[in-house]
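Please treat every number below as a calculation from the coordinates, not as lab data. This is a predicted model, so every value here is computed, not measured. So basically every Cβ, Gly included, is an ideal-geometry build from the backbone, and we count neighbours across all protein chains shown.
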Amino acid sequence: GVGGDIDVDGTALVTGVLTTTASAVFNGGFTSNGDTATFASGNADDPIIIIKNTRNDAASAGLQFVKDKGAAGADGDDIGQIDFIADNDAQQQTTFVSILSEVSTAADGSEGGKYAVRLATHDGEMQTGLLLQDGNAEDEIDVTIGSGTSSVTTIAGTLTSTGAATFNADVGLGNAKSIFFGDGSAKITGDGSAETLKFFTSGAERARFD
């Protein structure tokens, strides 16, 4: 055992297992050529990995996933993936959530990315619930939410669309809810329970169908 400090000016080569009973501090860069690093703890809410920047400026710490294949990149190349794995009730390790980033377009000068959040759905099969992808024009990002014809997307606040909205299925509003135009002085209000449809202009009802 070594009870004091060890200063290594060159390279320290450890061919066996390096075990520390206290925190290990690296004041320089740290590179691991191994395939897997595991942090295990039996304590509640542990282990925790903290990446901290303490410089007094506007910059922050970062986490990078780098795909360096040593050859030309291609559409569909995976860049990085984070899997959230837990036991099912048969104590089988199962991936329930996965975050995946990949190359959408690898063409030089037209690079585009793709970001997907995938979830296990009923039978454990992974489906994409949120997809952000390079669009068909510069500075355009396309977003797809949900998977399956019966999927439900709930928005707690206000949904604002700066472009045209296209609905390929029925649009449902609750009873006594309205479709507003402009500042709301012109609107259409429907009430399914009363079986009425009201039309307003200048804030006043002008016509009613019942």
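Give the average over all directions of the projected area of the C-alpha convex hull of segment 118-210, one decimal, in nm². Intermediate values should be presented prior to the final figure.
Details: hull surface 37.2 nm².
One quarter of the hull surface, i.e. the mean projection, equals 9.3 nm².
A compact globular protein would have a Cα radius of gyration near 2.2 N^0.38 Å; the ratio found for segment 80-135 is 1.41.
Counted by Cβ distance under 13 Å from G203, the other residues give a net charge of +1, where Lys and Arg count +1 and Asp and Glu count -1. Each pair of Cα atoms in the chain enters the Kirkwood radius, and Stokes-Einstein at 10 °C and 1.306 mPa s then converts it into a translational diffusion coefficient of 65 µm²/s.
At 0.36 nm per residue, and after removing the present C-alpha to C-alpha distance, how many nm does the segment from F181 to I82 gain when stretched out fully?
Numbers: separation 99, 0.36 × 99 = 35.64 nm, distance 4.38 nm.
Gain on stretching F181 to I82: 31.3 nm.
Could you work out how much longer the chain between D9 and R208 gets when fully extended? Use 0.36 nm per residue separation minus the Cα distance between them, nm to one decimal.
Values: separation 199, 0.36 × 199 = 71.64 nm, distance 8.71 nm.
Once the chain is fully extended between D9 and R208, it gains 62.9 nm.
Mean sequence separation of contacting Cα pairs (under 8 Å, at least six apart), scaled by the length of the chain, corresponds to a relative contact order of 7 percent.
Where Rh is the Kirkwood radius over the Cα pairs of segment 78-174, the temperature 25 °C and the viscosity 0.890 mPa s, what D in µm²/s does Stokes-Einstein return?
On the way: Rh = 16.2 Å.
Value of D from the Cα-based Kirkwood radius: 152 µm²/s.
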